[in-house]
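The values are calculated or read from the model by the stated rules, or taken from the named source; none is laboratory data. Please read all numbers here as calculations on a predicted model, not as lab measurements. Using ideal geometry, Cβ is built from the backbone for each residue, glycine included, and neighbour counts are taken over all protein chains shown. Heads up: the accessible areas ignore ligands, DNA and RNA and are worked out on the full protein's heavy atoms, side chains in. Shrake-Rupley method; radii C 1.70, N 1.55, O 1.52, S 1.80 Å.
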Amino acid sequence: KLGQAVSYHADCTDSLARTAAGARIEDLLALQRKLLDAKRLAGHPLNTRLVAEDLLLAYRSACGG
């Protein structure tokens with residue numbers, strides 16, 4: 001989103017650029033907070049499928065989906 005060169009999956013540069021263009025910084029920061037929360041809860045006996053679904057929905061929302 002901030003114009004950095006693609007470090008991984010260079011073959012997907014165009015797709016990544018389109019995804020980044022639709023993302024808002026505020027949404028990406030909210031996603032980062034969710035990921036940090038999920039990392040802290042990784043050892044907790046939560047339903048991992050629900051946590052994964054929540055993260056994927058947050059990712060989709062952050063990327064303009």
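Under the definition of Cα pairs under 8 Å and six or more residues apart, what whole-number percent is the relative contact order of the chain? Could the numbers behind the result be given before it?
Working: 32 pairs, mean separation 30.8, N = 65.
Rounded, it is 47 percent for the chain.
What does the charge dipole of the chain about its Cα centre add up to, to the nearest 20 debye, if the Cβ of each Lys and Arg holds +1 and the Cβ of each Asp and Glu holds -1?
It works out to roughly 160 debye.
Whenever you get a sec, compute what percent of the accessible area on the chain sits on carbon and sulfur atoms (1.4 Å probe).
57
With a probe of 1.4 Å, find how much accessible area the chain has per residue, and write the answer as a whole number in Å².
85
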